[in-house]
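Take a look at the structure set out below.
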Amino acid sequence: MSQEVRVRFAPSPTGYLHVGGARTALFNWLFARHHGGKFILRIEDTDLVRSTEESTRAILEGLSWLGLDWDEGPGKDGPYGPYFQTQRKDLYLSYAKKLVEKGAAYWCFCTPEELEARREEAKKKGLPPRYDGTCRNLSPEEVEERLASGQSATIRMKVAQEGTTKVEDLIRGDVEFNNEVLDDFVLIKSDGMAAYNFAVVIDDALMKITHVIRGEDHLSNTPKQIQIYQALGFPVPEFAHIPMILGPDKSRLSKRHGATSVTQYQEEGYLAEAMVNYLALLGWAYDGSQTLFSRQELVEKFTLEKVSKNPAIFDGKKLTWMNGQYLRDLTLEDLYQRALPFLQKAGLPVDKYPKSWLLGILGSYQTRIELLSQLPEALTFYFYDPEEYDPKAAAKHWKNGLEDLAEIKSILQGFSTYELEPLEAAFRAHAEQTGKKLGQLIHPLRLALTGKSVSPGIFEVLVLLGKDTTERRIEKAMAYLEAQRAD
């Protein structure tokens, strides 16, 4: 592209960064990085009632966790700031007054009560609830008099009443809107704050945004915004409205589908790399066959031409599967660094053990989990002796539990230290000599050591637990079985 690509993500800080917002941010970030352009973060905090600093922090933290670094925005001042809309209030008013001077906008003195009464009247008549233009043709003298008297007022756009406004969309093609269905929308509210459709145009124009990539729910706003661009003589950016994200039942994605905040996914043990990979596939596909992409591959391959017009379906099971794939590819050191906060939060005494041992127990479960949050429960048996034994497993594998454990104990007495291959060889040799199946030794032992019917490979567990812990747990299980037999 001949000019520098400049895109933006402009969230409203009225809640956390959710899946849809994160996907929009990612598509903008990928587009900017693919073209060597700039990714701008702007906080649209004009909703003074609902906007909070907590939400702003959550959005920034969510983007940072995903690795979507911005080139200009909060904490990274650029030439077109400030990047909070509440700090640009006077700027919006000055441009609105320019539109009034040009005859493209006008002061409106209709009260909220009057507007509501007219909307109700329109509904009764079966008409769309749109502004009726009461103040559209007030004389300059009357406007001046009302303003001088301190009467509350808004500024409205004088929308074209005939013809059409065409949106040239990079994903959807040309979309035309009949101007007669557009009403004279508010530019500046009575409290002096800019309305969304006006503030976004002024900001995008002054920040030199070249491409506006956003959800298709904003498509209906675009003809209004184009008329503002044209009235002020600003160049119109290129638009790309990306598809909505739906739940598995094809309804709009909501919390009941698991569409919680991005930080919630982080707390549940998803990796940022997996989340980015999955979000990229919500509406975009490279060739239809490749599923796993590194971040660099996404940057290299992402284009708007590959973005679908059709809604994307959010599949939590696929995201979890993908996370498992990424967990398997981590180095043990990386897995350790990411898992440690989850283990500490669960209260496991990780500080009492050498790092080499912790790496070992993590490695034993690396291919068995899909979420980091699954690790504390899975690893607990390494830290603590079983307090109880799975009754179903006991009924199945401890029919001759005392005798089996005594036999296993005798095998293990030949070892002063535990090593994987010699242990396995000894158990296999014993099974062959006695005509038993290896499982007849493994399953009773696993239950004694872990209290469960499922664990990593039993010989790996033996090595990680060590001789003293293993012998203690076998003795404890045998005592338990003796007590059961006595009863």
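The values are calculated or read from the model by the stated rules, or taken from the named source; none is laboratory data. The shown structure was predicted, so the numbers you read here are calculated from the model rather than taken from an experiment. Reconstructed Cβ throughout: ideal geometry from the backbone, glycine too, with neighbour counts over all protein chains shown. For accessibility, only protein heavy atoms count, side chains too; no ligands or nucleic acids. Shrake-Rupley method; radii C 1.70, N 1.55, O 1.52, S 1.80 Å.
Figures for the structure shown
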item	result
Highest-first arrangement of 288-299, 194-205, 235-246, where packing means the average Cβ count within 10 Å	194-205, 235-246, 288-299
Calculated from backbone phi, Karplus (6.51, -1.76, 1.60) coupling profile of region 92-97 in Hz, x at Gly/Pro	4, 5, 5, 6, 5, 5
Distance from region 47-109 to region 346-397 (C-alpha centre basis), Å	49
Hydrodynamic radius of the chain per Kirkwood, over alpha carbon pairs, in Å	27.4
Residue-wise HN-Hα coupling along region 300-306, computed from phi with Karplus coefficients 6.51, -1.76, 1.60 (Hz; x: Gly, Pro)	5, 9, 5, 9, 5, 4, 9
1.4 Å probe accessible area per residue over region 155-202, in Å²	42
Region 396-436 - charge dipole about Cα centre, Lys and Arg +1 at Cβ, Asp and Glu -1, debye rounded to 20	220
Solvent-accessible area per residue, Å², over region 437-487 with all protein chains present [probe radius 1.4 Å]	45
Share, in percent, of DSSP beta bridges within the chain that are antiparallel, nearest 5	55
Relative contact order (%) - criterion: Cα under 8 Å, at least six apart; region: region 389-449	54
Translational D in µm²/s for region 292-364 (Stokes-Einstein at 4 °C, 1.567 mPa s, Kirkwood Rh from C-alpha pairs)	84
Per-residue HN-Hα couplings for region 118-130 [Karplus 6.51, -1.76, 1.60; θ = phi - 60°; Hz; x = Gly/Pro]	5, 5, 5, 5, 5, 4, 4, 8, x, 9, x, x, 10
Protection proxy ranking, peptides 33-45, 351-363, 322-334, average beta carbon neighbours within 10 Å, highest first	33-45, 322-334, 351-363
Unit charges on C-beta of K, R, D, E only; dipole of the chain, Debye	620
Selected from Ala393, Met322, Tyr480, residue furthest toward positive end of dipole (the chain; charges at beta carbon)	Ala393
Which listed pairs, of Lys76/Lys189; Lys98/Lys158; Lys396/Lys452; Lys352/Lys452; Lys392/Lys467, have C-alpha distances above 18 Å, in listed order	Lys76/Lys189; Lys352/Lys452; Lys392/Lys467
Portion, in percent, of the accessible area of region 156-205 that falls on carbon or sulfur, probe 1.4 Å	41
